[in-house]
Amino acid sequence: MAIVLGVGGGWLGSRLGGTGRVGGTAALTTSGGSCDAKSVASRVLPTIVTVNVTGSAPSVGSGEIVRKDGYIVTNNHVIAPAVPSGHISVTFSNGQQHAATLVGRDATSDIAVLKVAASGLPVISVADSDAVGVGQPVVALGAPLGLSSTVTAGIVSALGRTTQVPGENGKNAVIVGGIQTDAAINPGNSGGALVDCRGRMIGVNTAIATVPNAEGTGGGGSVGIGFAVPSNRAMSIADDLIDHGRVVYPDFGMSTVPITADTAQAWGMPEGLYVQTVASGGAADRAGLQPGDVITEINGHPANHPDALSMFELTARTGDTVHVTYVRDGETRTATVTL
């Protein structure tokens, strides 16, 4: 499969990887059935906007109003073509159009925040995405192929999908612990809301999987596999962008390379992450880790993936502690790393 960013006007492909605050109690989960999409649409569509971008590669995406004084959350890949000299505007569900300014963007998580000069706007409710359940009915809202105020319905197909999507400057963005849904998502849906049956956002629709065609590129639109950034993560990043203009991720202060099972067997080493360098005074250094150590577990989970450390850095906060098990000179040891 190919991962396709849902931007009207441009399709990009990558590879799929699998591994699971603001307001609201546990999301409504059911063992079957579907949402009353008509009721959800009536409640939520006034909070959904179509994002129009002119610049290096004109595109159309979606967004949702998260603060009544004009702050809007969308995907970074939707507005990236407008940086640094393009133009961004948003169209509300009632047809009104406003120029938008870029408050901040984070290419790593693919989240961006826009601002329009308006007040008293309807605001989308946000649920706790940690309470979402597999099989739960959901509704997706946005502007697929530029068709504003489109509503589709489905279920939560899976949780905890960590998926790399094409980013900027040859680097990937990462959907960490993403929500997988079969609600139809197509180019243009990016940045729009995935909501529960009470109309509360549980995720920001970001990418879809497609079956590559003969040329090896995305072969079409939705095949029933879409991915959304969980609302808890999206809103945490959005708050940082609104309050500080940027997102700062914590750091282990070390570089590692993976030791695969074959390499471990050939060299008589444990499988895990080989510590190449440790930054003086950094988190790993303060915890006593040294070059040559082999990290075998992180918070009790096997460190058998090259991105094991970076996944923690993407989801953690400065000051969080991580329990690391490692091997030094054949002896298994533990350390507590404060990021």
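The values are calculated or read from the model by the stated rules, or taken from the named source; none is laboratory data. For clarity, every value in this text was computed on a predicted model and none was experimentally measured. Note that we place each Cβ from the backbone using ideal geometry, even for glycine, and neighbour counts take in every protein chain shown. Ligands, DNA and RNA are stripped out before the accessible areas are found, and what is left, the full protein with its side chains, is counted by its heavy atoms. Shrake-Rupley method; radii C 1.70, N 1.55, O 1.52, S 1.80 Å.
Quick notes on this one:
- Within the accessible area of the chain (1.4 Å probe), percent carbon and sulfur: 50
- Database remark: amide H of SER149 closer than 5 angstrom to the amide H of GLY142 (H placed geometrically; neighbours at sequence offset of 5 or more, or on other chains; Pro and chain starts carry no H).
- The local environment of ALA117, defined by Cβ-Cβ distances under 15 Å, has a net charge of +2 under the rule Lys, Arg +1 and Asp, Glu -1.
- Beta bridges assigned by DSSP with both partners in the chain are antiparallel in approximately 95 percent of cases.
- Proximal charge balance of ALA284 [Cβ under 11 Å; K/R count +1, D/E count -1]: -2
- Rolling a 1.4 Å probe over the heavy atoms of the protein chains gives the stretch 254-338 an accessible area of 55 Å² per residue.
- Across the stretch 100-189, the mean sequence separation of Cα contacts (distance under 8 Å, 6 or more residues apart), normalised by length, yields a relative contact order of 27 percent.
- Every helix of 4 or more DSSP H residues in the chain counts as -39500 (n - 2.57), and over all residues that averages to -3500 deg cm²/dmol at 222 nm.
- Test item: Cα-centred dipole of the stretch 254-338, Lys/Arg +1 and Asp/Glu -1 on Cβ, debye: 200
- A straight Cα-to-Cα reach below 26 Å connects LYS38 with the lysines LYS68, residues fewer than 8 places away in its own chain not being considered.
- A cut-off of 5 Å between modelled amide H atoms, ignoring neighbours fewer than 5 places along the same chain, links MET254 with ALA279.
- Normalised per residue, the accessible area of the stretch 34-248 is 35 Å², obtained with a 1.4 Å probe and no contribution from ligands, DNA or RNA.
- Segment GLN97-ARG328, extension gain: residue separation times 0.36 nm, minus the distance between their alpha carbons: 77.0 nm
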